[in-house]
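Take a look at the structure below.
Bear in mind these aren't lab numbers, they're just calculated from the coordinates by the rules spelled out. Since we're looking at a predicted model, the values are computed, not measured. Methodologically, a virtual Cβ is constructed for each residue, glycine included, from the backbone with ideal geometry; neighbour enumeration extends over all protein chains shown.
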Amino acid sequence: MTPVPPAPVVVDRALGATGGELVLRRAGDAYEIISNGVFLMDTRDGTSEREMVRASLAALPAERNGVRVLIGGLGVGFSARAALDDPRVDHVRVIELEQLVIDWHRGGPLAEAAGDLAADSRYEPVCADLAGWLAGAAAPGGPRFDAVCLDTDNGPDWTVVEGNRRLYEPAALDLLDGILRPGGVIAFWSAMRAPAFAALLERRFGAVGTVEIPVRRGEPDIVYLVRGTGGG
């Protein structure tokens with residue numbers, strides 16, 4: 001007889017920044033993040049989140065060192081951990097809307113799952129709305145990055161937070177391009193193929209790289225990669 005998996009247990013819950021309930025659950029050895037009743041991610045695998053970052057770093061010029069990485073969305077921390085594990089990376093800034101998620105990694109229940117991000121001096125979490133943060137960051141004199149990795153939501157065609165749709169629109173693409181160092185790259189994570197968005201990227205940036213990562217069920221996760229048009 002197949003063992004019955006343990007029922008999820010709520011570890012923490014609170015009203016999120018968008019007005020919905022944010023919940024951290026534990027099911028056996030895995031943690032799950034639920035936003036307003038919609039499953040976002042868990043700690044069971046994380047292959048595609050790590051691959052998004054690894055593919056971005058692999059696309060940088062081979063001689064590039066002192067790499068600065070911007071990650072949109074902290075989640076369970078696998079993207080940030082993949083960036084910190086690369087010896088070329090000097091700094092990882094993570095823009096996360098929910099302060100509670102940042103706290104879960106700062107001595108909280110997710111600290112062990114992502115290898116204690118807060119213990120690494122190169123890790124800098126910022127509690128902010130990414131779309132709003134970008135508008136200020138793209139101004140002259142703002143921070144510049146070699147790789148920008150967006151794992152803020154489930155992708156351009158399935159956003160849990162309505163406001164995140166702005167991140168996949170032409171104005172946001174201009175801002176993202178503006179915070180890149182010369183030769184920098186931008187990666188977009190998506191839980192499904194998004195052909196219309198891929199076409200938009202092609203019109204804006206030219207060639208679009210696509211990485212498909214198989215998942216346990218359903219169609220693969222997708223990472224879209226583009227190279228900046230000149231650097232900020």
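What is the local net charge at ASN65, summed over the other residues whose Cβ is closer than 13 Å to its Cβ (Lys, Arg +1; Asp, Glu -1)?
Summing Lys/Arg as +1 and Asp/Glu as -1 gives 0.
For GLY184, the amide hydrogen comes within under 5 Å of the amide hydrogens of GLY228, counting only partners 5 or more places away or on other chains and with H modelled in the peptide plane. When the GluC sites (Glu not before Pro) in the range 82-159 are filtered for DSSP coil states and for at most 16 other beta-carbon atoms within 10 Å of their beta-carbon, the remaining sites are GLU112. Cβ crowding within 10 Å ranks SER190, SER79, SER56 as SER190, SER56, SER79, fewest other Cβ atoms first. Extending 7 Å from the Cα toward the beta-carbon at both THR210 and ASN36 defines two label points whose distance is 2.9 nm.
Using Cβ point charges alone (K and R +1, D and E -1), the dipole size of the chain about the Cα centre works out to roughly 380 debye. Mean sequence separation of contacting Cα pairs (under 8 Å, at least six apart), scaled by the length of the chain, corresponds to a relative contact order of 16 percent. When PHE205, PHE188 are arranged by Cβ crowding within 10 Å, least crowded first, meaning fewest neighbours, the order is PHE205, PHE188.
Count Lys and Arg as plus one, Asp and Glu as minus one, and take only other residues whose Cβ is under 10 Å from that of GLY184; the net charge is then +3.
Annotation note: GluC sites (Glu not before Pro) in the range 39-76 located in DSSP loop regions with a Cβ neighbour count of at most 10 within 10 Å are GLU63. Each label was represented as a point 7 Å from its Cα along the Cα-to-Cβ direction; for GLU169 and ALA135 these points are 1.1 nm apart. Under the classification rounded if a/c is under 1.5, otherwise prolate if a/b is larger than b/c and oblate if not, where does the range 45-227 fall, given a ≥ b ≥ c as square roots of the Cα gyration tensor eigenvalues? Rounded, because the longest to shortest axis ratio a/c is under 1.5.
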